[in-house]
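Contents: one structure, followed by commentary.
The values are calculated or read from the model by the stated rules, or taken from the named source; none is laboratory data. From a predicted model like this one, the values you see are computed outputs, not experimental measurements. Please note: Cβ atoms are built from the backbone with ideal geometry, for glycine as well, and neighbour counts cover all protein chains shown. Ligands, DNA and RNA are stripped out before the accessible areas are found, and what is left, the full protein with its side chains, is counted by its heavy atoms. Shrake-Rupley method; radii C 1.70, N 1.55, O 1.52, S 1.80 Å.
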Amino acid sequence: MTTTLTTTTVPRRSPQGAGPRVAARTPVGWIDEPYTRFTLTPSSPTIGAEVHGLTLAEPLDDATFAELHRALLEWKVLFVRDAGLTTEAHHALGQRWGQLETHPFMRYVYDTQSEDLPAVVRFEKGADTTGFENTWHSDVSWREEPSLGSLLHAIEVPAVGGDTLWADMAAAYDCLDDDLKARISGMTAVHDWWTSFGRGMEQEQRDALREHFPPVEHPVVRTHPETGRKTLYVNAIFTQHIVGLDAEESDALLEVLYRQATYPEYQCRFHWTAGALAIWDNRATQHYAASDYFPQRRIMERITVVGDRPY
Ligand SMILES: [Fe+2]
């Protein structure tokens with residue numbers, strides 16, 4: 001796969017108007033090496049690729065894992081159909097990326113964390129619990145160190161509906177016009193879980209958790225720690241306001257920035273089949289779980305890898 005565009009050749013355009021939204025897939029200077037351990041089918045020009053010829057039931061050798069990680073950096077989200085994963089193999093695969101995250105609120109909100117493998121979160125949606133992750137977001141951006149990424153495994157899925165969409169937030173940043181890029185350069189924003197997870201909690205729980213997870217401030221544009229690429233880092237669930245702006249100005253600017261994730265040109269969409277696995281780079285993307293399958297069942301297991309502090 002060869003990259004033909006660099007960020008310097010991307011046409012400049014209004015962040016809100018019609019016209020081309022053509023972005024580069026990898027940063028300037030990135031060298032595209034061929035993949036030797038598997039093949040990829042792109043889902044869109046810049047984000048998402050389905051991996052073929054990879055068996056995940058057994059541990060990956062180091063060279064194959066290194067190539068898979070490189071593919072993740074280059075495509076931001078990878079899909080493996082019929083991954084052949086048990087919960088334990090899924091857990092072990094996640095550990096190849098580093099320390100696993102235990103989500104502090106899942107047991108209050110979903111009560112679905114595994115006792116044996118607490119890093120595995122099981123989402124069971126259907127007649128009793130509807131899906132409500134249908135707002136564009138980057139996971140746990142309210143943490144000081146938001147996650148590196150997640151591995152989401154489909155256990156049971158509806159015949160139709162329940163797709164997940166991902167947005168390439170580096171492409172979204174690159175296609176902002178220069179004035180807007182200059183305006184948001186150096187800005188920071190406050191992220192908090194209070195207005196999302198906090199709403200489903202008892203007051204006492206919320207107050208106790210608040211001490212451990214106070215609001216955090218992150219750059220509006222973060223630098224990807226491995227690719228060096230600039231990435232738009234505000235999201236409609238967790239970002240509260242931009243530091244130093246009054247509420248009206250902050251809301252108006254955030255509205256424009258949130259909207260960037262909603263453009264199809266920066267997105268890919270995955271139709272799940274049972275046994276499929278998606279691995280995404282949470283530092284480079286936002287995602288949206290379509291909630292269109294109620295009351296059909298959708299059961300997923302998620303493993304999340306600890307990341308580092310955005311800069
Ligand atoms: Fe999420």
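Some points to look at:
- Some residue of the range 116-136 being open to solvent by 10 Å² or more (accessible area, probe 1.4 Å), modelled with pLDDT of 95 or more and not β-branched (Val, Ile, Thr): yes
- When each of HIS224, HIS212 is tested for being modelled with pLDDT under 95, away from the ligand (no atom under 16 Å from the Cβ) and surrounded by fewer than 23 Cβ atoms within 10 Å (Cβ to Cβ), the lone residue that passes is HIS212.
- Some residue of the range 267-282 being touching a Ser or Thr at 6+ places or on another chain (Cβ under 8 Å), hydroxyl-bearing (Ser, Thr, Tyr) and at pLDDT 95 or above: no
- Residue that is surrounded by the fewest Cβ atoms within 10 Å (Cβ to Cβ), among those in the range 144-156 that are under 23 Å from ARG210 (Cα atoms) and within 13 Å of the ligand (Cβ to nearest atom): SER147
- Scanning the range 265-311 for residues that are within 16 Å of the ligand (Cβ to nearest atom) and assigned to a loop (DSSP other than H, G, I, E, B) turns up TRP272, ASN282, ARG283, ALA284, ALA290, SER291, VAL306, GLY307.
- Pairs with Cβ under 7 Å, 6+ apart, first in the range 118-146 and on the phi > 0 side of the Ramachandran plot, second within 13 Å of the ligand (Cβ to nearest atom): VAL140/PRO146; VAL140/SER147
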